[in-house]
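The values are calculated or read from the model by the stated rules, or taken from the named source; none is laboratory data. All of these numbers come straight from a predicted model, not from anything done at the bench. Note that each Cβ is placed from the backbone with ideal geometry, even for glycine, and that neighbours are counted across all protein chains shown.
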Ligand SMILES: [Zn+2]
Ligand SMILES: [Zn+2]
């Protein structure tokens with residue numbers, strides 16, 4: 001089984017994630033823009049048992065980040081952990097988004113990802129996160 005690893009900018013927090021993600025997405029919503037300080041977030045979703053995190057992270061509204069360097073890391077509930085894929089090394093990760101959320105907030109200079117399902121807002125499926 002493949003294990004991917006990552007770390008925050010300062011290296012204080014490290015992640016090791018086993019296996020392939022259940023899904024990979026991009027979200028252009030207002031919260032994701034503000035949280036990331038960028039135009040969108042890019043994340044993969046795994047079962048929490050597949051993700052091993054070391055180091056100290058702090059949480060704001062369910063989003064965990066490194067208190068030292070501020071790098072965004074993951075959010076988590078009982079059934080899913082959503083990892084910000086930009087923390088993985090090496091880059092590029094080769095992980096391709098299968099869907100995009102809140103495309104009505106997408107910057108006009110960004111094109112849709114080839115083959116990715118497009119949603120104007122959140123995924124309609126129950127329990128879906130952004
Ligand atoms: Zn850090
Ligand atoms: Zn979002």
Residue within the range 74-81 that is closer than 24 Å to residue 7 by Cβ, modelled with pLDDT under 95 and not in a loop (DSSP other than H, G, I, E, B) present: yes
Residue selected from the range 50-74 under the condition closer than 11 Å to residue 14 by Cα and either in contact with a strand residue (DSSP E or B) (Cβ under 7 Å, 6 or more places away or on another chain) or without any contact (Cβ under 8 Å) to a residue 24 or more places away in the chain (or both), by the criterion nearest to ligand 1 (Cβ to nearest atom): 66
Positions within the range 70-93 being surrounded by fewer than 13 Cβ atoms within 10 Å (Cβ to Cβ) and away from ligand 2 (no atom under 16 Å from the Cβ), in sequence order: 70, 78, 79, 89, 90, 91, 92
Residues that are part of a loop (DSSP other than H, G, I, E, B) and either within 16 Å of ligand 1 (Cβ to nearest atom) or touching a strand residue (DSSP E or B) at 6+ places or on another chain (Cβ under 7 Å) (or both), drawn from the range 29-49: 29, 37, 40
Search result, residues across the range 1-15 that are surrounded by 13 or more Cβ atoms within 10 Å (Cβ to Cβ) and either away from ligand 1 (no atom under 16 Å from the Cβ) or under 19 Å from residue 118 (Cβ atoms) (or both): 4
Unmet requirement for residue 29, which otherwise passes all of (1) surrounded by 14 or more Cβ atoms within 10 Å (Cβ to Cβ); (2) within 16 Å of ligand 2 (Cβ to nearest atom); (3) under 24 Å from residue 90 (Cβ atoms); (4) at pLDDT 95 or above: (3)
Test: residue 59 is modelled with pLDDT under 95 and either over 30 Å from residue 112 (Cα atoms) or buried (at least 16 other Cβ atoms within 10 Å of the Cβ) (or both): no
Yes/no for residue 112 being within 15 Å of residue 28 (Cα to Cα), surrounded by 19 or more Cβ atoms within 10 Å (Cβ to Cβ) and in contact with a strand residue (DSSP E or B) (Cβ under 8 Å, 6 or more places away or on another chain): no
